[in-house]
1. Keeping to the range 226-247, report how many residues are of a type outside the set (Asp, Glu) and more than 30 Å from residue 139 (Cβ to Cβ).
2. When you look at residue 134, is it closer than 30 Å to residue 261 by Cα, open to solvent by less than 40 Å² (accessible area, probe 1.4 Å) and polar (S, T, N, Q), yes or no?
3. Identify all residues within the range 1-37 that are more than 28 Å from residue 201 (Cα to Cα), among the hydrophobic types (A, V, I, L, M, F, W, C) and part of a loop (DSSP other than H, G, I, E, B); write none if there are none.
4. Being in contact with a Lys or Arg (Cβ under 6 Å, 6 or more places away or on another chain) and not acidic (Asp, Glu) is the filter here; which residues of the range 258-279 pass it?
5. Under 7 Å by Cβ, and 6 or more places apart or on different chains, what pairs join a residue from the range 253-268 that is within 18 Å of residue 176 (Cα to Cα) with one that is open to solvent by 30 Å² or more (accessible area, probe 1.4 Å) and modelled with pLDDT under 85?
6. Of all residues in the range 279-327 being touching a Ser or Thr at 6+ places or on another chain (Cβ under 7 Å) and more than 16 Å from ligand 1 (Cβ to nearest atom), which is nearest to residue 35 (Cα to Cα)?
7. Please work out which one of (1) more than 16 Å from ligand 1 (Cβ to nearest atom); (2) open to solvent by less than 10 Å² (accessible area, probe 1.4 Å); (3) part of a helix (DSSP H, G or I) is the condition residue 53 fails and give its number.
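The values are calculated or read from the model by the stated rules, or taken from the named source; none is laboratory data. Given the structure is predicted, the values throughout are model-derived calculations rather than measurements. Reconstructed Cβ throughout: ideal geometry from the backbone, glycine too, with neighbour counts over all protein chains shown. For the accessible areas, the whole protein counts, side chains as well, though only heavy atoms, and no ligand, DNA or RNA atoms are used. Shrake-Rupley method; radii C 1.70, N 1.55, O 1.52, S 1.80 Å.
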Amino acid sequence: MLITATDKGLYCAAGDFYIDPWHPVPRAVLTHAHGDHARWGSAHYFAEASSEGVLRQRLGAQMPLTPKQYGESFELGDAVVSLHSAGHVLGSAQVRVRVGDETWIVTGDYKRAPDPTCKPFEPVICDVLISEATFALPCYRWPDTKDVVNEIWRWWQANREQGRASVLFCYAFGKAQRVLAELLAHTQESVYLHGAVTSLVEEYRRAGVAMLPTQPVVREKKADYKGALVIAPPSAAGTPWMRRFGDASTGFCSGWMRIRGARRRRGYDRGFVLSDHADWPALIDTIKESRAKKVLLTHGYSDALVRYLCEQGIDAAALRTAYGEEE
Ligand SMILES: [Zn+2]
Ligand SMILES: [Zn+2]
């Protein structure tokens, strides 16, 4: 076993390092800057160069970090390590670990759908694949992104006609920037941002990602937001912060919106099915393209995918990890 699940995280003994550890360790290789993967307190970190800005925002400007480019090989102990694009968020990487003639891949979170805010997913061949399985049920199939963005645009315009603000809840890192980039197909209008989103949008702008112009939400009269689009993290829903928007329409952008009833249970007016994770067909395609002889699964519905792969004659098992929802 080149990589094992320990109580601190996924551990590579040959290289004496951890991948996305959930407790402090001497050496950590990070797949991306979401909170369940990038945790504070390790003595040294390695991560893809374009994730550096967001990582330093989240784990501290002084964090001991060695940035690496996509595809650049580096040695840790007896292991040769390289990072390959995961298509999930800015700077997201799969970790390739080679020891002797054996190659393992840890995907972290990934998606196969196009996203103007990050490099596309790079399929990598390996002997053993450790894949995420957040949405590993056959009911999770994503609609075309352009169609979803069209729906968001029409919802915003319909609310405007009624003199209402549109408050769209998106994960602050990744989803918010993707929506701001995709909406360029429809408008050049400025969008209001919750404070938790602002600095991350600035980080994407520094990385050269084109997005709609934005401005912070400030204490103004309710009327100022009539017809406007506001982007906020899900944690702002139902808080007093929302009052300034008056009778606003609310929407939530997430893969979880694929399931009928999820929108109502979570209390949003509209649900938009937009995910930064692989859907069921993308998970299966990725596993097959990797030509892995063994597949280990983290996150979410790993048991359903393990059963499916075993039925297909692929050696598969679930790994117990501490990964979960993005934030
Ligand atoms: Zn993530
Ligand atoms: Zn994750």
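1. Taking the range 226-247 and keeping what is of a type outside the set (Asp, Glu), we get 226-246.
Now restrict to residues that are more than 30 Å from residue 139 (Cβ to Cβ): 226-228, 230, 239-246.
Of the residues in the range 226-247, 12 are of a type outside the set (Asp, Glu) and more than 30 Å from residue 139 (Cβ to Cβ).
2. Yes, satisfied.
3. Passing the criteria: 1, 2, 3, 13, 14, 25.
4. Residues of the range 258-279 in contact with a Lys or Arg (Cβ under 6 Å, 6 or more places away or on another chain): 271, 273, 276-279.
Across the range 258-279, the qualifying residues are 271, 273, 277, 278.
5. As it stands, the answer is 257/263, since those pairs meet every condition given.
6. Out of the qualifying residues, it is 319.
7. For residue 53, the exception is condition (2).
Okay, residues lined up against (1) open to solvent by less than 70 Å² (accessible area, probe 1.4 Å); (2) at pLDDT 95 or above:
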residue: 285; (1), (2): no, yes
residue: 289; (1), (2): no, yes
residue: 296; (1), (2): yes, yes
residue: 312; (1), (2): no, no
